[in-house]
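Take a look at the structure below.
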Amino acid sequence: MLATRAADKPDIPRGPDWRYEVKWDGVRALADTTSGTLRLRARSGSDVTVAYPELAGLAAWPGAVVDGEIVVLAGSVPSFEALAERMHVRDAARARRLAARSPVTFVAFDVLVLDGTDVTRRPLDERRALLEALPLPDRVQLSPVYPDLDPLWDVTREHGLEGVVAKRRSSTYQPGRRSADWVKAAHRATRVAAVVGWRPEGAREAGRAAVAGVGRLGAVLLGATKERA
């Protein structure tokens with residue numbers, strides 16, 4: 001399920017029919033144990049289990065599919081830069097080394113299946129109660145929920161968090177759909193920059209030449225004019 005985008009705080013829905021969560025700066029993933037083993041699946045549907053060995057404890061959830069965000073927390077604030085080197089790792093040995101150095105956390109915020117039963121048609125409040133009843137394995141936490149927008153908006157902006165998501169309490173889970181029942185707004189500021197260089201994923205030499213036809217970027221070098229104080 002995907003959220004529609006609000007331009008800014010005034011466009012976020014308010015009222016007792018809504019609740020609010022932090023918009024986490026990480027990688028969206030489904031933790032699926034319905035086959036008897038844990039599978040972590042990215043939004044694209046690809047299997048990313050091998051990249052995050054420290055989340056193996058999620059296998060303890062019985063016949064479940066849980067929606068969440070994989071983040072690297074640096075002083076309780078997600079660091080997308082720290083997560084970036086983990087995202088495309090498919091070598092198990094390298095993944096274990098990175099996990100020891102920069103472990104991730106799975107922030108769970110919704111449940112689609114539990115004990116083999118599809119619960120997507122139940123209201124969000126009911127699904128949240130089911131999620132809160134689950135034991136929390138190592139490296140897993142629940143995304144906190146808040147009744148009021150204003151305090152959360154101010155705190156997330158003050159602490160450099162990405163933004164806020166508003167969710168209708170009565171909403172069902174709508175897989176693959178961008179629904180007006182979930183509304184997101186970000187704090188991120190923007191500025192103009194020029195792309196002055198890049199290298200393909202997997203390139204180890206800083207000066208490696210660009211290769212035509214490479215599908216993924218490993219790094220991008222940006223340039224911008226110095227801002228006046």
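The values are calculated or read from the model by the stated rules, or taken from the named source; none is laboratory data. Model, not experiment: these values are computed from the prediction. Reconstructed Cβ throughout: ideal geometry from the backbone, glycine too, with neighbour counts over all protein chains shown. When the accessible area is computed, the model is the full protein with side chains, heavy atoms only, and any ligands, DNA or RNA have been set aside. Shrake-Rupley method; radii C 1.70, N 1.55, O 1.52, S 1.80 Å.
Numbers at a glance
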quantity	calculated
Residue in region 4-17 that is under 21 Å from GLN141 (Cα atoms), out of contact with any helix residue (DSSP H, G or I) (no Cβ under 8 Å at 6 or more places or on another chain), assigned to a loop (DSSP other than H, G, I, E, B) and open to solvent by 30 Å² or more (accessible area, probe 1.4 Å) present	no
Every pair of residues 6+ apart whose Cβ atoms lie under 9 Å, when the first sits in region 57-68 and is touching a residue at least 60 places away in the same chain (Cβ under 8 Å) and in a strand (DSSP E or B) while the second is open to solvent by 10 Å² or more (accessible area, probe 1.4 Å) and of a type in the set (Lys, Arg)	ASP67/ARG28; GLY68/ARG28
Unmet criterion (only one of (1) over 26 Å from TYR146 (Cβ atoms); (2) at pLDDT 95 or above) for THR105	(1)
So VAL50, is it closer than 30 Å to ALA100 by Cα and in a helix (DSSP H, G or I)	yes
Residues being surrounded by 15 or more Cβ atoms within 10 Å (Cβ to Cβ) and of a type in the set (Gly, Ala, Ser) - total across region 57-88	7
Pick from region 127-136, criterion more than 18 Å from the chain's Cα centre (by Cα) and touching a residue at least 12 places away in the same chain (Cβ under 8 Å), ranking: surrounded by the fewest Cβ atoms within 10 Å (Cβ to Cβ)	PRO135
Which numbered condition ASP91 misses (of (1) surrounded by 15 or more Cβ atoms within 10 Å (Cβ to Cβ); (2) farther than 22 Å from PRO135 by Cα)	(1)
Residue satisfying condition, being open to solvent by 50 Å² or more (accessible area, probe 1.4 Å) and under 21 Å from ASP138 (Cβ atoms), within set THR49, THR33, THR37, THR105	THR37
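Table: residues versus (1) among the aromatic types (Phe, Trp, Tyr); (2) touching a strand residue (DSSP E or B) at 6+ places or on another chain (Cβ under 7 Å); (3) under 18 Å from ARG28 (Cα atoms).
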site	(1), (2), (3)
VAL71	no, yes, yes
PRO103	no, no, yes
ALA108	no, yes, yes
ASP125	no, no, no
ASP138	no, no, no
ARG169	no, yes, no
